[in-house]
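Here the structure comes first, spelled out in structure tokens, and everything after it is commentary.
The values are calculated or read from the model by the stated rules, or taken from the named source; none is laboratory data. Note that the structure is a prediction, hence the values are computed from the model and not measured. Cβ sites come from the backbone with ideal geometry, for glycine too, and all protein chains shown count toward neighbours.
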Ligand SMILES: Nc1ncnc2c1ncn2[C@@H]1O[C@H](COP(=O)(O)OP(=O)(O)O)[C@@H](O)[C@H]1O
Ligand SMILES: [Mg+2]
């Protein structure tokens, strides 16, 4: 449950609001969002396109700054930190999966997965990355570059990359949006498996009813507000 | 759909989005640079040749040994040219008991037409420089202006009177500077200047007097040339035309150097601007792949897309080129102010051609380098909508760039006005880019192999370079070009200008002594010692007339070339030497060694050999004082004539010419403090001929100084174009970098980590580019030195090291500065764009 008072919150927002100015107008994308996600939870964020889901996810990860309000990640108020400290925090406790994969085209599959560990200065980056790639079924494609892989394969690498640091929290923005339904199902299976094995908290944005049904709770956004 | 409206709307959007700024900047710089250089070069060249003409006192002189037919003067006036006349002859000047042989010059209104006649009212001894002023007129009737020599010899004071022939003149000014006196065989005769109106009354000019008449002409270049063409065939016996280019080989060669140097600098900026434009367009098209893919999906034909962008670019091109022209016009106006002061003459008004030329340059650059990527844009597969990483085939690129290069070559040939120079500079450029490209690709492949053995920042840097191998090579070559401009601007320019300046040091010989006899060698050396002057090197000289080539008697009529005929009819000065002078350079064959002494062989200057039509292995026969000497050519030499040192067309080893009657010749530097030595020399050795070239040397020095400044200015544009290339090269991977940065930071990278990875990448690219730049700048230095300056080029031994380190540091710095904003954009904003 979102409001379970017994759990320890991984992420919590307080009166989160995001406005952007488009020319002369002020556009409010998110308004007064208060939510709390506890450790081990799985939350589906749903809502019509344009309702502010991606923006919310980005703010939770500290990828953008809110207009007002705050976000606590692992008990720390992330917008009191500077960009670099925020990035470091992200690297430590957060994984992110994008709808459009966002792999680095310059790096091989293995190097892409090793990247977050190397950025943290971890020692055994290669072993960990190999294991995880094996785990997502791409043990044979270690030295391939993203452009040599299909969309489903690229997304599996992205998932491996997100999980390789054993994050407390995984944020996924329409992870199956660019995939056919069979491949999408595989990806979802994979995410929930890893969620179970590693005890990772999941927050996913999705349009997929089946997927949202598998989550422990659901947040619905409409025009930048939480409606239920 | 109205194509024009859509196209203009897109242009406006792209401009606002800042996508066209680099391209626009490159074009403005290219066109602005070209027009400024165009105006500047024109004006400098005009100014410089006027400077040269100051030595003549005119743009053109017709000399004759009899009064010239009035037709010449009338024709010149009819053509709107300024004219004046001068008559020169030797005569005695008398003051009381004292009489001196002088050289009298009687001039008419307007003299001198170019340069200044300066006079002083201060007679007697003065400390330091004598205060003087521009005369602004010729001596009034009844006045005689005298030079310092006559003043000293006759102890003249202002207001004294002297007699010239039957007339008494008042000495009322002292000549301190006279434009046309400085050159030639001066028998140290003092000089007197009078008004031509007084000449008949003196009675000095009679049948048989040795008078040299001159018609001085000056005006617009074209008009002077036309007049020359008109006058040339109408010359009678004893009449000849002299222009600056015939008269003063030293000035001429300085002028030619300046022209070549300037046009090479201009060409360098065009190449750089082209590279910047090509990079900018490349980036532009890459950014528009998506838009095109979508348009293709929506049913736009390839032709429609091409048309759309062509229109878009043509409008951009016109606007940017127009702006460039304006920039060029204003900067040349600013320049003109500065230049006018520098050359102390009025500059001809700027013509319209440099503007037209600049506009065309902009369009040619744009079409030549924008078209190929645009053609690629046209054929973007619609499938890209589904998979963004599907790019375009590059099949059109190579063929397309060939088009751009061809356009550029045409531009070059036109600009350089010299097919060979244009094609060879272009060819060298293409070859260099090709070689660098290949080398770069190999190096990058090799480096990428090392990637697995490296860690951290360097690994990611190398990974990015490898992935973008082709783009990285393009980037390195472009950076190399930009850096080359910078290196050329700093190291090479200084080396070259230093080299040029030192080719004519301040103590270059400024007096020649001719006709020294064998028995005067000892006393002459003693004379130099006695006056505290260094003993100059003395060269033997034997005069001989060429009579046969390979045993066949010479028939001068066989030579169509007038100059060649004249050369052959004249006596040659032959000399001998064991060692070759260091201002000579063997171009064919070999210089002799000790064992060749006494062998009948010779070394000939290459230019004269070409003119006479002989080469290695030919045997030439000379008639020397009635006996004949045959010798075979075993080497051809290039001689640097403008060092003002004694040089000979024909040299033999020792032991060949010694038996023939010889006189000796030398050249030496006379410090200004020793000016009286010339007089003493003439007194002690009356048979010697002293030739004073100090004024020419001063003139050449002044010109070198001015040309140096001019070149420095022109190089500023090369520098700007170089910076544009650097900027475009760094910007060319900006989009990928922005994307990369967002991902890196999502994954938890701190800014420092990202900056280190990029720094590594930029350092590798910069190092490569620096290597290219050093090689390129050395080649450029070599070409300019050999081709434009005619000086041997010694490459700077540090340039490789400096290039690599400057490249690494510079590109790293520029790159990181260019990517700073990327680091502070929130990642979500970036990722949302994609
Ligand atoms: N930087 C921005 N400038 C203007 N509008 C924005 C910006 N970012 C997001 N929006 C707008 O905010 C709304 C929410 O966007 P988003 O969070 O991407 O929605 P969702 O992911 O739910 O589809 C959309 O209407 C979008 O157009
Ligand atoms: Mg979204």
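Across segment A:41-64, what is the number of residues that are assigned to a strand (DSSP E or B) and either free of Cβ contacts under 8 Å to residues at least 40 places away in the same chain or near ligand 1 (Cβ under 7 Å from one of its atoms) (or both)? Qualifying residue count for the region: 1.
Each row is one residue, and each column tells you yes or no for (1) within 15 Å of ligand 2 (Cβ to nearest atom); (2) closer than 14 Å to residue A:170 by Cα; (3) at pLDDT 90 or above; (4) buried (at least 20 other Cβ atoms within 10 Å of the Cβ).
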residue: A:32; (1), (2), (3), (4): no, no, yes, no
residue: A:50; (1), (2), (3), (4): yes, no, no, no
residue: A:66; (1), (2), (3), (4): no, no, yes, yes
residue: A:71; (1), (2), (3), (4): no, no, yes, yes
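Of all the numbered requirements in (1) in contact with a helix residue (DSSP H, G or I) (Cβ under 8 Å, 6 or more places away or on another chain); (2) under 21 Å from residue A:154 (Cβ atoms); (3) not in a loop (DSSP other than H, G, I, E, B), residue A:203 misses one, and that requirement is (2).
For every residue, the table says whether it meets (1) crowded, with 17+ Cβ neighbours inside 10 Å; (2) in contact with a helix residue (DSSP H, G or I) (Cβ under 6 Å, 6 or more places away or on another chain).
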site: A:94; (1), (2): yes, no
site: A:98; (1), (2): yes, no
site: A:101; (1), (2): yes, yes
site: A:111; (1), (2): yes, no
site: A:115; (1), (2): yes, no
site: A:121; (1), (2): no, no
site: A:125; (1), (2): yes, yes
site: A:132; (1), (2): yes, yes
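When residues in segment A:17-38 are screened for being in contact (Cβ under 8 Å) with a residue 40 or more places away in the chain, near ligand 1 (Cβ under 9 Å from one of its atoms) and either assigned to a loop (DSSP other than H, G, I, E, B) or more than 25 Å from residue A:228 (Cβ to Cβ) (or both), 0 of them pass.
Just one of the listed residues (A:180, A:173) is in contact with a strand residue (DSSP E or B) (Cβ under 8 Å, 6 or more places away or on another chain) and within 13 Å of another protein chain (Cβ to nearest Cβ), and it is A:173. Screening segment A:139-160 for residues that are outside any helix (DSSP H, G or I) and buried (at least 18 other Cβ atoms within 10 Å of the Cβ) and picking the one that is farthest from the other protein chains (Cβ to nearest Cβ) gives A:149.
Return the only residue of B:236, B:300, B:320 being modelled with pLDDT under 80 and not assigned by TED's automatic domain parsing to the domain that holds residue B:471. Quick ask: steps written out before the conclusion?
Working: B:236 fails: modelled with pLDDT under 80; B:320 fails: modelled with pLDDT under 80.
Sole residue among the options that is modelled with pLDDT under 80 and not assigned by TED's automatic domain parsing to the domain that holds residue B:471: B:300.
Against the list (1) surrounded by fewer than 20 Cβ atoms within 10 Å (Cβ to Cβ); (2) touching a residue at least 24 places away in the same chain (Cβ under 8 Å), the condition residue B:781 fails is (1).
If you filter segment A:183-216 down to residues that are touching a residue at least 40 places away in the same chain (Cβ under 8 Å) and within 16 Å of ligand 1 (Cβ to nearest atom), you find that the one that is nearest to the other protein chains (Cβ to nearest Cβ) is A:205.
Considering each of B:749, B:724 in turn, give the residue that is touching a helix residue (DSSP H, G or I) at 6+ places or on another chain (Cβ under 7 Å) and in a loop (DSSP other than H, G, I, E, B). Full working, then the answer.
Working: B:724 fails: in a loop (DSSP other than H, G, I, E, B).
When all the criteria are applied, what remains is B:749.
Inspect all residues belonging to segment A:71-92 and state whether any of them is within 16 Å of ligand 1 (Cβ to nearest atom) and more than 12 Å from the chain's Cα centre (by Cα).
Yes, that holds for at least one residue.
Look at residue A:220 and say whether it is touching a strand residue (DSSP E or B) at 6+ places or on another chain (Cβ under 8 Å) and away from ligand 2 (no atom under 15 Å from the Cβ). Considered against the rule, which asks whether it is touching a strand residue (DSSP E or B) at 6+ places or on another chain (Cβ under 8 Å) and away from ligand 2 (no atom under 15 Å from the Cβ), residue A:220 comes out as no.
For residue B:800, the conditions (1) closer than 25 Å to residue B:464 by Cβ; (2) in contact with a helix residue (DSSP H, G or I) (Cβ under 6 Å, 6 or more places away or on another chain); (3) free of Cβ contacts under 8 Å to residues at least 40 places away in the same chain all hold with the exception of (1).
Between A:128, A:122, which is under 22 Å from the mean Cα position of the chain (by Cα) and at pLDDT 90 or above? It would help to see each step written out before you state the result.
On the way: A:122 fails: at pLDDT 90 or above.
Just one listed residue meets the conditions, A:128.
Got at least one residue in segment A:10-23 being at positive phi, more than 9 Å from every other protein chain (Cβ to nearest Cβ), away from ligand 2 (no atom under 16 Å from the Cβ) and modelled with pLDDT under 90? Checked against the condition, which is being at positive phi, more than 9 Å from every other protein chain (Cβ to nearest Cβ), away from ligand 2 (no atom under 16 Å from the Cβ) and modelled with pLDDT under 90, segment A:10-23 yields at least one hit. Between A:227, A:136, A:205, the distinction of being within 16 Å of ligand 2 (Cβ to nearest atom) and either buried (at least 22 other Cβ atoms within 10 Å of the Cβ) or over 18 Å from the mean Cα position of the chain (by Cα) (or both) belongs to A:205 only.
When the residues of segment B:590-614 are filtered to those that are part of a loop (DSSP other than H, G, I, E, B) and closer than 16 Å to residue B:548 by Cβ, the one that is farthest from the chain's Cα centre (by Cα) is B:600. Applying the criterion of being away from every other protein chain (no Cβ under 11 Å) and surrounded by fewer than 20 Cβ atoms within 10 Å (Cβ to Cβ) to the residues of segment B:451-470, the residue that is modelled with the highest pLDDT is B:470. None of B:681, B:657, B:689 is in contact with a strand residue (DSSP E or B) (Cβ under 6 Å, 6 or more places away or on another chain) and outside the structural domain of residue B:575 (by TED's automatic domain parsing) except B:689. If you go through segment B:253-275 one residue at a time, do you hit one that is over 36 Å from the mean Cα position of the chain (by Cα), buried (at least 22 other Cβ atoms within 10 Å of the Cβ) and at pLDDT below 75? No, segment B:253-275 contains no residue that is over 36 Å from the mean Cα position of the chain (by Cα), buried (at least 22 other Cβ atoms within 10 Å of the Cβ) and at pLDDT below 75. Could you list, in sequence order, all residues of segment A:96-126 that are within 8 Å of chain B (Cβ to nearest Cβ) and in a helix (DSSP H, G or I)? A:111, A:115, A:116, A:118, A:119, A:120 - these are the residues of segment A:96-126 that are within 8 Å of chain B (Cβ to nearest Cβ) and in a helix (DSSP H, G or I). Screening B:820, B:745, B:709 for residues that are within 14 Å of chain A (Cβ to nearest Cβ) and touching a residue at least 60 places away in the same chain (Cβ under 8 Å) leaves exactly one candidate, B:745. Any residue at all in segment B:410-433 that's outside any helix (DSSP H, G or I) and modelled with pLDDT of 70 or more? Scanning segment B:410-433, I find no residue that is outside any helix (DSSP H, G or I) and modelled with pLDDT of 70 or more, so the answer is no.
Conditions (1) assigned by TED's automatic domain parsing to the domain that holds residue B:295; (2) at pLDDT 75 or above; (3) in a helix (DSSP H, G or I), marked per residue:
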site: B:10; (1), (2), (3): yes, yes, yes
site: B:13; (1), (2), (3): yes, yes, yes
site: B:29; (1), (2), (3): yes, yes, yes
site: B:35; (1), (2), (3): yes, yes, yes
site: B:39; (1), (2), (3): yes, no, yes
site: B:50; (1), (2), (3): yes, no, yes
site: B:63; (1), (2), (3): no, yes, no
site: B:66; (1), (2), (3): no, yes, no
site: B:73; (1), (2), (3): no, yes, yes
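Being within 16 Å of ligand 1 (Cβ to nearest atom), within 14 Å of chain B (Cβ to nearest Cβ) and either in contact (Cβ under 8 Å) with a residue 12 or more places away in the chain or farther than 23 Å from residue A:51 by Cα (or both) is a condition met by no residue of segment A:161-168. If the condition is being crowded, with 18+ Cβ neighbours inside 10 Å, over 30 Å from the mean Cα position of the chain (by Cα) and in a strand (DSSP E or B), then segment B:630-662 contributes B:631, B:633, B:634, B:651, B:652.
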